[in-house]
Each structure stands twice: as C-alpha cells, then as structure tokens.
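Quick notes on the structure that follows.
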Amino acid sequence: MDASILIPIIVAMITSGGTLIGVSISNKNNTLKMMNELEKQQLSMKGDLQLQQEKFKAELEKQQIMNKAELEKTQAVINAQIQELTRETREHNNFAKRVPILEEKVEVANHRIKDLENKS
C-alpha cells in the first residue's frame, strides 16, 4: 500500500483514539464530581433530617410537659370539687340525722301543748 494513503489513516486512528481516551477521562471526572456532589447533598440532607428530628423531639417533649401540667391542674380542680362535695354531703347527712330528732321534739311539744290546752 502506498504511504500517502496509510499516513492519513494512521493519523485518523491516532486522533480518534486520543479523542476516545479524552472523552473517557472527561466522563470519568464528571462522574466522580457528580458522585461527590451527591454524597455532599446526601450528608447535608441527613444532617437536616437529624436536625428536624431533634426539633420535633424537643417540641414533643415540650408538649408532653405542658399536657402533664394541664392534667395535674385539672386533677387538682377535680380533687377540690370532690372535697367540697364531700363536705356538703356530710353537712346534708348531719341535717338528715337531726331532722327525725327535731320531728320527735316537735311532736312531743305538740302533745304538751295539747295537754295544756286540755287542762285549761
């Protein structure tokens, strides 16, 4: 074969081989850059997620403390109401015990009045 034909073919093969190697290296570098960027984003997102979880946990604990305080306050009110009802019930029961005695005394007094009226 003639050297004038072979030289352009060899140059074209070398050029295309060099281009192929250059493109492969560039793709590899771009892939590594993208992977590094994705890892950074993942770490950032993981950190953000952990921060959000910590904020949520703190808010939840705050709500639990507030709920507990509200429950204790409500329980204190209920206890005070029960004590007042107990006091009123005892007072009522005392009257209930005294009414029959008073009725008996009224009956005795009525009999005495009748006896006095009958004597007069």
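Residues in segment 1-16 that are assigned to a helix (DSSP H, G or I) and either of a type in the set (A, V, I, L, M) or at pLDDT below 90 (or both): A3, S4, I5, L6, I7, P8, I9, I10, V11, A12, M13, I14.
In the set (1) surrounded by 10 or more Cβ atoms within 10 Å (Cβ to Cβ); (2) over 45 Å from the mean Cα position of the chain (by Cα), the condition left unmet by P100 is number (1).
The values are calculated or read from the model by the stated rules, or taken from the named source; none is laboratory data. This one's a predicted model, so the numbers in the text were calculated from it and none came from an experiment. Reconstructed Cβ throughout: ideal geometry from the backbone, glycine too, with neighbour counts over all protein chains shown.
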